[in-house]
Amino acid sequence: MPNAPFAGLHPTAVISPEAELADDVAVGPFAVIQGRVVVGPGCIIHPHAFLIGPLTLGRSNQVFAGAVLGERPQHLNYKDEETSVEIGDGNIFREHVTVHRGTTESLKTRIGSHNFFMVNSHVAHDCVIGNRCILANGALVAGHCVLDDNVYLSGNSAVHQFMHLGRLSLLSGCSTTTKDMPPFIIQSGSNVVVGVNTVGMRRAGLSAEQIQGVRSAYQILFREGMVLNESLARLETELGHIDTVRELIDFIRQPGRGINLVREHMRHAA
């Protein structure tokens, strides 16, 4: 984590007496820390950031100017319950990122570690974000979504509420999904499957066998025209011994909103 351009607590920062800040936390000019906010060691709160408790930040997070973490949810049925946000270690929240707290006392918004939230991205109420995810500028995640590790949301993309996005899935720029996205899959446009995230898989250190297994599974799932149950049965038989394919199968079989089966050439043909 780089050093802050300022040290300690700037005299113009407004910090609630309820807040708990580690000794080496840096808070910039005109930042506001309101309510029961816990900020771990090595965190940098840049000028004009706004943190609202109950909110917990782990170690070495950076919150840039204009970001708002922990504000009340944008939900018509929110009853002013004391809900919260929990954030892990090493995350970056760039300018004007917004993260909203949960809607009820039994729910909270949770963010893991080493994620990168670029300018104007948004995480809504009750979401669960894994580790090493990237939300590019303007990416929007609606309420009650789950993003597994290493998910990539490109600029100005949008994820419908209650979606589950599997590990290393990728949503292209200006695209939307209203169904679950299986691990390793790339989607573009509106609910259109376009390929396998082979670049992301290589960068994550997956082996050639793991990547090729997913590529073969993609052919069976999306190019051979079988119904989903038949495709899954074939995957079990032919590729089920490969752990990434097993991960793909298990994701598709879990309860959820279903997956997209429309591919690019099918959309044009329609």
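The values are calculated or read from the model by the stated rules, or taken from the named source; none is laboratory data. Quick caveat: nothing in here was measured; it's all calculated off a predicted structure. All Cβ positions, even for glycine, are placed from backbone atoms using ideal geometry, and neighbour counts span all protein chains on display. SASA here: full protein model, heavy atoms, side chains in, ligands and nucleic acids out. Shrake-Rupley method; radii C 1.70, N 1.55, O 1.52, S 1.80 Å.
Here is how the numbers come out for the structure above:
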read-out: Some residue of the stretch 77-93 being under 24 Å from Gly8 (Cβ atoms) and open to solvent by 40 Å² or more (accessible area, probe 1.4 Å); value: yes
read-out: Residue list for the stretch 102-118, filter: of a type outside the set (Gly, Ala, Ser), under 15 Å from Asn91 (Cβ atoms) and open to solvent by less than 40 Å² (accessible area, probe 1.4 Å); value: Thr109, Ile111, Asn115, Phe117
read-out: Filter result for the condition that a residue is over 28 Å from Ala136 (Cβ atoms) and in contact with a Phe, Trp or Tyr (Cβ under 6 Å, 6 or more places away or on another chain), over Thr12, Thr103; value: Thr12
read-out: Number of positions in the stretch 199-217 that are open to solvent by less than 60 Å² (accessible area, probe 1.4 Å), in a helix (DSSP H, G or I) and either aliphatic (A, V, I, L, M) or within 24 Å of Ala158 (Cβ to Cβ) (or both); value: 5
read-out: Residues (closer than 17 Å to Tyr152 by Cα and surrounded by 19 or more Cβ atoms within 10 Å (Cβ to Cβ)) located in the stretch 119-130; value: Asn120, Ser121, His122, Val123, Ala124, Cys127, Ile129, Gly130
read-out: Qualifying positions in the stretch 6-50 - of a type in the set (Gly, Ala, Ser), open to solvent by less than 40 Å² (accessible area, probe 1.4 Å) and assigned to a loop (DSSP other than H, G, I, E, B); value: Gly8, Ala13, Ser16, Ala19, Ala22, Gly28, Ala31, Gly35, Gly40, Gly42, Ala49
read-out: Condition met for Gln210 (touching a residue at least 12 places away in the same chain (Cβ under 8 Å), out of contact with any Phe, Trp or Tyr (no Cβ under 6 Å at 6 or more places or on another chain) and not aromatic (Phe, Trp, Tyr)); value: yes
read-out: Hits in the stretch 174-198 (condition: open to solvent by less than 40 Å² (accessible area, probe 1.4 Å), touching a residue at least 24 places away in the same chain (Cβ under 8 Å) and either more than 26 Å from Gly213 (Cα to Cα) or acidic (Asp, Glu) (or both)); value: Asp180
read-out: Flag for His144 being over 21 Å from Asn197 (Cα atoms) and part of a loop (DSSP other than H, G, I, E, B); value: yes
